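Here's the structure, in structure tokens; my notes come after.
Values in this text are rule-based calculations from the coordinates and carry no lab data. What you are looking at is a predicted structure, and each value in this text was computed from that prediction instead of being measured. Reconstructed Cβ throughout: ideal geometry from the backbone, glycine too, with neighbour counts over all protein chains shown.
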Amino acid sequence: MRVRKAVLPVAGFGTRVLPATKAIPKEMLPVVDRPAIQYVVDEALEAGIEHIVFVTGRNKGSIEDYFDIAYELEVALEAKGKDAILEQVKQTKLPAGSASFVRQQSPLGLGHAVWCAKDIVGNEPFAVLLPDVLVKGSPSCLAQMVEAYDKVGGNIVAVDQVPMERVSSYGVIAPKGERDGRLIEMTGMVEKPPVADAPSNLKITGRYILQPEIFGLLESQGKGAGGEIQLTDAMARLMEAQSFFAYEYEGQDYDCGSKLGYFEAVLGYALASDEIGADAKALAKAMLDKL
Ligand code: G1P
């Protein structure tokens, strides 16, 4: 069955980028000219996703507003003849009926956040995209994964390589050694391992295609790393019963959950922008020359 639905867990407090996130969700922080979450939604839509399930929490209402119609704004822009910007504003609206919102009431972990979407996803394969992570790729990271999924089915998790000293910040896979292009067979995966115990330097990027059986496993999943219910732990159990591949995608990831990662994302997208890219490059060069 085709991957039609995507779950975006957006309930986190954004503690690593406080106080910026005191009154607005971290997902709404701008990267050049749009909120970070817009890039992730666009990635999902490019991959053919038809319904997005946002797992939200308190104080996340602006995400719901952002993807809705902004009637007064549209009328005002139209009256002023600002057609180009009006078109861009209209494009941020998700098609009628294609978004759902469910709240994760307690911060029990990523696994619990995904589990909160189970009734809306139902009994079909689905994608998970962590909006902290922006992945610049063409085709998009999820589109690459969907293409691989259409060939091999089962479950797929996106991975990329990190320097070994950083593996303990991520989920890490244990590759079997056999590869079919970008698809990697696995023997296991572990969440936030100490560097000495890490099975590889292939980290889980934050893009997943999962079968609905994951929900039953999440239901009984005990606490793992950081005292939280970890998606990685439930996936490691699912791997015992179902086919599970890692996919080393082509593209560049930015971890907007940290200050430096967020800065890198803004810089990366600004430099690549058609509108301001050339000027941004000249500006960055001039600033560096002054150091
Ligand atoms: C989550 C996942 C982890 C993954 C990471 C990607 O961790 O649990 O497996 O590698 O996202 O950014 P978090 O960043 O929420 O601690």
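Of all residues in region 129-146, count the ones that are closer than 13 Å to residue 47 by Cα and either surrounded by fewer than 21 Cβ atoms within 10 Å (Cβ to Cβ) or more than 16 Å from the ligand (Cβ to nearest atom) (or both).
Residues in region 129-146 being closer than 13 Å to residue 47 by Cα and either surrounded by fewer than 21 Cβ atoms within 10 Å (Cβ to Cβ) or more than 16 Å from the ligand (Cβ to nearest atom) (or both): 7 in total.
Could you check region 169-197 and list, in sequence order, the residues that are in a loop (DSSP other than H, G, I, E, B), surrounded by fewer than 22 Cβ atoms within 10 Å (Cβ to Cβ) and within 16 Å of the ligand (Cβ to nearest atom)?
192, 193, 194
Name the residues in region 103-120 that are more than 22 Å from residue 223 (Cα to Cα) and either crowded, with 24+ Cβ neighbours inside 10 Å or in contact with a Cys (Cβ under 7 Å, 6 or more places away or on another chain) (or both), would you?
none
Here's the yes/no breakdown for (1) crowded, with 23+ Cβ neighbours inside 10 Å; (2) basic (Lys, Arg); (3) farther than 17 Å from residue 266 by Cβ:
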residue: 4; (1), (2), (3): no, yes, yes
residue: 7; (1), (2), (3): yes, no, yes
residue: 26; (1), (2), (3): yes, yes, no
residue: 32; (1), (2), (3): no, no, no
residue: 36; (1), (2), (3): yes, no, no
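Which pairs turn up if I take residues in region 187-205 that are in contact (Cβ under 8 Å) with a residue 24 or more places away in the chain and look for partners that are among the aromatic types (Phe, Trp, Tyr) and within 12 Å of the ligand (Cβ to nearest atom) with beta carbon separation below 7 Å, at least 6 apart in sequence or on another chain?
192/170; 203/170; 204/170
Starting from region 41-67, take each residue that is exposed (fewer than 15 other Cβ atoms within 10 Å of the Cβ) and list its partners that are hydroxyl-bearing (Ser, Thr, Tyr), counting only C-beta distances under 8 angstrom and pairs at least six apart or across chains.
Going by the 8 Å Cβ cut-off, the qualifying pairs are 42/140; 50/98; 64/56.
In region 205-231, what residues are within 17 Å of residue 244 (Cα to Cα), touching a strand residue (DSSP E or B) at 6+ places or on another chain (Cβ under 8 Å) and surrounded by fewer than 23 Cβ atoms within 10 Å (Cβ to Cβ)?
Those that are within 17 Å of residue 244 (Cα to Cα), touching a strand residue (DSSP E or B) at 6+ places or on another chain (Cβ under 8 Å) and surrounded by fewer than 23 Cβ atoms within 10 Å (Cβ to Cβ): 211, 212.
For region 85-152, give me every one of the helices (runs of 4 or more DSSP H) that falls completely inside it and has 1 or more residues that are within 27 Å of residue 261 (Cα to Cα).
Per the criteria, 110-115, 141-152.
With the condition kept exactly as written, say whether any residue in region 217-238 is among the hydrophobic types (A, V, I, L, M, F, W, C), within 29 Å of residue 107 (Cβ to Cβ) and free of Cβ contacts under 8 Å to residues at least 24 places away in the same chain.
Yes, there is a match, as at least one residue in region 217-238 is among the hydrophobic types (A, V, I, L, M, F, W, C), within 29 Å of residue 107 (Cβ to Cβ) and free of Cβ contacts under 8 Å to residues at least 24 places away in the same chain.
If residue 119 satisfies every condition in (1) away from the ligand (no atom under 15 Å from the Cβ); (2) under 22 Å from residue 255 (Cα atoms) but one, which is the exception?
(2)
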